[in-house]
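Down below is the structure, laid out as structure tokens.
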Amino acid sequence: MLCDEPAFHDRRRDVLTDATLVVEILSPSTEGYDRGGKFAIYRDLPGLCQYVLIAQDRHAIDCFTRQPDGRWLLDAYTDPAIMIPFDSIGCAVRLDEIYDRVRFETDP
């Protein structure tokens, strides 16, 4: 969802540079990069307030929130009944709603 005119990284127009919230669905092949190199790039975006990583194989969401002093605070969520605050966009969502209709390999 965009609220203002987007600012793009280059002419390809596939990388926004003015994001407030970035959400990534983790995959086994990219999880290391998403948590490391990609997050390092995202941390340089001045307007980015939250970076959220969602596991695809279990109920697990990591939410990194930029603090007023520039540090990033990690909140890790695994309880399906917990509300996850997305303060950067003014809402909260239950973890089990994020995983609605997702079936894990371990499900009966």
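The values are calculated or read from the model by the stated rules, or taken from the named source; none is laboratory data. Model, not experiment: these values are computed from the prediction. Neighbour counts are summed over all protein chains in view; Cβ atoms, including those assigned to glycine, are modelled from backbone coordinates with ideal geometry.
Among the numbered conditions (1) touching a residue at least 24 places away in the same chain (Cβ under 8 Å); (2) under 11 Å from the mean Cα position of the chain (by Cα); (3) surrounded by 17 or more Cβ atoms within 10 Å (Cβ to Cβ), the only one that H59 does not meet is (2). Among the residues examined, D69 does not qualify as acidic (D, E), surrounded by 12 or more Cβ atoms within 10 Å (Cβ to Cβ) and out of contact with any strand residue (DSSP E or B) (no Cβ under 6 Å at 6 or more places or on another chain).
Report yes if some residue within region 62-85 is among the polar types (S, T, N, Q) and assigned to a helix (DSSP H, G or I); otherwise report no. The answer is no, given that none of the residues of region 62-85 is among the polar types (S, T, N, Q) and assigned to a helix (DSSP H, G or I). Inclusion of L73 among residues that are out of contact with any Leu (no Cβ under 9 Å at 6 or more places or on another chain) and aliphatic (A, V, I, L, M) is warranted.
In this structure, D57 does satisfy being at pLDDT 90 or above, not β-branched (V, I, T) and not in a strand (DSSP E or B).
Rundown of residues vs (1) modelled with pLDDT under 95; (2) of a type in the set (A, V, I, L, M, F, W, C), yes/no style:
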{"residue": "Q67", "(1), (2)": "no, no"}
{"residue": "T78", "(1), (2)": "no, no"}
{"residue": "A81", "(1), (2)": "no, yes"}
{"residue": "I89", "(1), (2)": "yes, yes"}
{"residue": "R94", "(1), (2)": "no, no"}
{"residue": "E97", "(1), (2)": "no, no"}
{"residue": "R101", "(1), (2)": "yes, no"}
{"residue": "D107", "(1), (2)": "yes, no"}
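Number of residues in region 43-54 that are in a helix (DSSP H, G or I) and either among the hydrophobic types (A, V, I, L, M, F, W, C) or crowded, with 17+ Cβ neighbours inside 10 Å (or both): the value is 0. In region 88-104, how many are loosely packed, with under 13 Cβ neighbours inside 10 Å and of a type outside the set (A, V, I, L, M)? Counting residues in region 88-104 that are loosely packed, with under 13 Cβ neighbours inside 10 Å and of a type outside the set (A, V, I, L, M) gives 7. Selection of region 43-82 for residues being of a type in the set (F, W, Y) and farther than 30 Å from R103 by Cβ yields only W72.
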